[in-house]
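Everything below concerns the one structure shown next.
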Amino acid sequence: MAPSLSICGKQGFQEVLLPAGVAELLSVLEGCFGAELAVVEAESGQLVRPIRHPAGGRWELWGALCQQVAQQGRPEFLEDEDPLLVLAFPLGRSETNPLVAVGIFLSRSIAPGENFAGAARLLGIPEAELAAWARGQVVWSAEALLRLADLAIQYAAEQQRAQHFAQEAESLSAHLANTYEEISLLHRLTRNLKISRSDEELGRVVLDWLLEVLLAEGVALQLLPMADGQSNLQTSPRSRPVLLTAGQCPVDNAGFSRLIEHLNLGVPLQPVVLNRAMTRRPDWPMPQIRQMILVALVEGENLFGWLAGFNHLDDGEFGTVEASLLSSVAAILGIHSGNLELYRQQSELLAGIVRALTSALDARDRYTCGHSERVAQISVRLAQQLGCDTKEQQTIYLAGLLHDIGKIGVEDSVLRKPDKLSPEEYEQIKQHVRVGHRILQDLKKLDNVLPIILYHHEAWDGSGYPEQLPSEQIPLGARIVAVADAFDAMSSDRPYRKGMPMEKIETILRAGAGRQWDPQVIDAFFQAKEDILEIVRRERQEIPSAWLSLSAPAVSALGSSVPC
């Protein structure tokens with residue numbers, strides 16, 4: 001802040017503030033001239049900084065003359081009263097509120113006892129006071145004063161330019177800092193664009209980042225419902241809008257929806273910036289919103305939601321900088337939401353294919369109807385008990401649905417045979433794991449599922465099929481599905497027997513731990529037994545009765561120690 005100067009005396013000056021840098025400039029110039037310099041505001045002619053010694057002068061006249069000095073931009077003598085020279089010159093070349101410096105100088109040496117009456121009358125001060133002042137002054141010629149004043153004008157102009165450049169550099173530095181923060185935010189955002197990350201997860205992270213950069217009290221992201229209400233194998237789409245917020249958001253989810261409805265925007269291609277000119281209007285429905293930026297999350301023709309910033313921190317106005325940042329973030333979020341929607345639609349297609357395949361298998365055998373779905377759900381519960389993550393659980397669920405799909409390639413005479421299978425027929429049944437692998441191997445999205453389908457009949461002791469893999473060489477998913485498959489097969493009714501009682505099943509499972517099945521998976525089964533029994537009860541109640549009339553009795557392979 002510029003220093004304040006208390007100006008008092010006969011003229012009745014008031015305290016004023018000089019512009020930044022002027023006091024420093026005057027200090028330098030006074031050192032060069034060897035005299036005090038007054039400052040006059042050229043437009044008004046007002047004296048804003050006086051000369052304290054000598055204190056007098058015709059400032060009303062001189063103030064008026066300073067207007068001309070500022071207009072001409074060169075030094076001029078306001079008075080030439082021997083032995084005094086009153087010089088005025090512009091302090092730089094400012095077009096706004098120009099200032100003029102005024103100095104009183106001695107033009108010749110003074111003889112002892114010389115009369116100063118005329119000069120004293122000019123300044124309106126006692127002759128003795130003027131004489132005392134004159135004894136300490138440097139003698140200047142008019143030509144030397146003018147040359148020095150020209151140099152002072154140039155110096156002042158250079159100082160102004162330097163100050164202007166410093167302000168621009170400071171402004172540029174602040175702008176670069178803001179730009180760096182924005183670029184950093186966008187960089188962090190793009191690095192987090194993973195198809196496995198939901199739009200809600202990414203949205204929460206982005207809002208926290210935005211609050212660090214945007215001069216807003218709060219930010220919000222409303223994500224709209226998915227295009228339809230269907231669900232795929234892994235996820236369920238949103239059926240209603242979701243509002244995510246950070247900071248102080250002045251509206252809830254319902255209020256945000258009412259705001260969008262009030263604005264009646266359609267799908268705007270440009271950001272909507274609302275400041276006081278809009279929010280002070282009588283028809284503005286939400287007085288708690290003083291300023292707002294709103295941008296749409298759009299990809300192609302699809303609208304996925306809205307991103308908004310509310311209430312400027314300094315109660316100023318949002319402008320193009322903030323609007324540009326939110327537009328960039330919304331564009332990236334829109335593309336991510338579009339990719340997620342495309343992935344969801346592909347997952348729906350895959351889900352349809354999987355369910356069609358399992359339905360085709362169920363249609364061949366009323367006794368195994370629903371077996372694949374139960375195995376899939378039991379396998380997921382076992383995977384949860386064993387600490388598998390969500391992605392592994394999804395893979396195991398798909399594998400459970402498809403584990404027996406290769407039986408589509410088994411002849412009906414073998415698959416539906418009501419009696420015990422011959423060794424040759426059992427060998428044909430054993431081929432269903434390889435047939436299932438071949439059926440699905442061209443579906444790239446099932447690459448992680450294929451090993452489970454191929455190896456779910458391997459045994460912990462290496463006696464299983466198709467490759468006699470032992471213990472942990474068998475994929476974990478295959479070991480999990482093996483236990484789920486065996487339990488459901490043992491607990492289900494078959495043409496040749498009723499479902500086994502739970503006590504007998506438990507005995508077989510305990511005896512087979514470490515021989516046929518992974519002991520850890522068997523432990524997980526007993527830890528989750530109540531949930532597994534509930535899955536079986538629920539799923540068997542939901543089997544459509546129409547399936548029961550679609551096929552003749554069928555028999556699963558009887559050549560192994562456990563029906564499946």
For the stretch 276-302, which residues satisfy the criterion of being in a strand (DSSP E or B), open to solvent by 10 Å² or more (accessible area, probe 1.4 Å) and of a type in the set (A, V, I, L, M)?
296, 298
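Considering only the stretch 286-304, how many residues are among the aliphatic types (A, V, I, L, M) and either free of Cβ contacts under 8 Å to residues at least 24 places away in the same chain or more than 20 Å from residue 320 (Cα to Cα) (or both)? Spell out how you get there, then give the answer.
Narrowing the stretch 286-304 to residues among the aliphatic types (A, V, I, L, M): 286, 289, 292-298, 303.
Narrowing the set further to residues that are either free of Cβ contacts under 8 Å to residues at least 24 places away in the same chain or more than 20 Å from residue 320 (Cα to Cα) (or both) leaves 286, 303.
Of the residues in the stretch 286-304, 2 are among the aliphatic types (A, V, I, L, M) and either free of Cβ contacts under 8 Å to residues at least 24 places away in the same chain or more than 20 Å from residue 320 (Cα to Cα) (or both).
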Can you name the residue in the stretch 355-393 that is more than 24 Å from residue 498 (Cβ to Cβ) and at pLDDT below 90 and is also most open to solvent (accessible area, probe 1.4 Å) among such residues?
391
Is it the case, given these coordinates, that residue 13 is at pLDDT below 90, within 60 Å of the chain's Cα centre (by Cα) and surrounded by 15 or more Cβ atoms within 10 Å (Cβ to Cβ)?
yes
Going residue by residue through the stretch 135-152, is there one that turns out to be under 15 Å from residue 77 (Cα atoms), more than 60 Å from the chain's Cα centre (by Cα) and outside any helix (DSSP H, G or I)?
yes
Among (1) open to solvent by 30 Å² or more (accessible area, probe 1.4 Å); (2) part of a loop (DSSP other than H, G, I, E, B) - the single one residue 526 does not satisfy
(2)
Determine the pairs where a residue that is under 11 Å from residue 105 (Cβ atoms), located within the stretch 138-163, has a partner that is hydroxyl-bearing (Ser, Thr, Tyr) with Cβ atoms under 9 Å apart, the partner being 6 or more residues away or on another chain.
139/107; 139/109; 140/107; 141/107; 142/107; 145/107
Just checking, does the stretch 129-144 include any residue being open to solvent by 70 Å² or more (accessible area, probe 1.4 Å), modelled with pLDDT of 85 or more, out of contact with any Asp or Glu (no Cβ under 7 Å at 6 or more places or on another chain) and within 27 Å of residue 98 (Cα to Cα)?
yes
Looking at 255, 305, can you tell me which residue is open to solvent by less than 50 Å² (accessible area, probe 1.4 Å), closer than 21 Å to residue 332 by Cα and either at pLDDT 90 or above or part of a loop (DSSP other than H, G, I, E, B) (or both)?
305
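Say whether the condition of being in a loop (DSSP other than H, G, I, E, B), hydrophobic (A, V, I, L, M, F, W, C), in contact with a Ser or Thr (Cβ under 7 Å, 6 or more places away or on another chain) and without any contact (Cβ under 8 Å) to a residue 60 or more places away in the chain is met by at least one residue in the stretch 470-491.
no
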Residue 86 - would you say it is in contact (Cβ under 8 Å) with a residue 40 or more places away in the chain and of a type in the set (Val, Ile, Thr)?
no
When you check residue 379 against the structure, is it hydroxyl-bearing (Ser, Thr, Tyr), part of a helix (DSSP H, G or I) and under 45 Å from the mean Cα position of the chain (by Cα), yes or no?
yes
Filtering the stretch 453-486 down to residues that are touching a Leu at 6+ places or on another chain (Cβ under 8 Å) and among the hydrophobic types (A, V, I, L, M, F, W, C), which residue is most open to solvent (accessible area, probe 1.4 Å)?
476
Extreme residue, modelled with the lowest pLDDT, among residues of the stretch 397-416 that are in a loop (DSSP other than H, G, I, E, B), closer than 12 Å to residue 429 by Cβ and open to solvent by less than 50 Å² (accessible area, probe 1.4 Å):
410
Could you tell me whether the stretch 487-495 includes any residue that is open to solvent by 40 Å² or more (accessible area, probe 1.4 Å) and farther than 21 Å from residue 394 by Cα?
yes
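The values are calculated or read from the model by the stated rules, or taken from the named source; none is laboratory data. Everything numeric here is computed off the predicted structure, so don't read it as measured data. No Cβ is skipped: glycine too gets one built from the backbone with ideal geometry, and neighbour counts run over all protein chains shown. Ligands, DNA and RNA are excluded from the accessible area calculation, which covers all protein heavy atoms including side chains. Shrake-Rupley method; radii C 1.70, N 1.55, O 1.52, S 1.80 Å.
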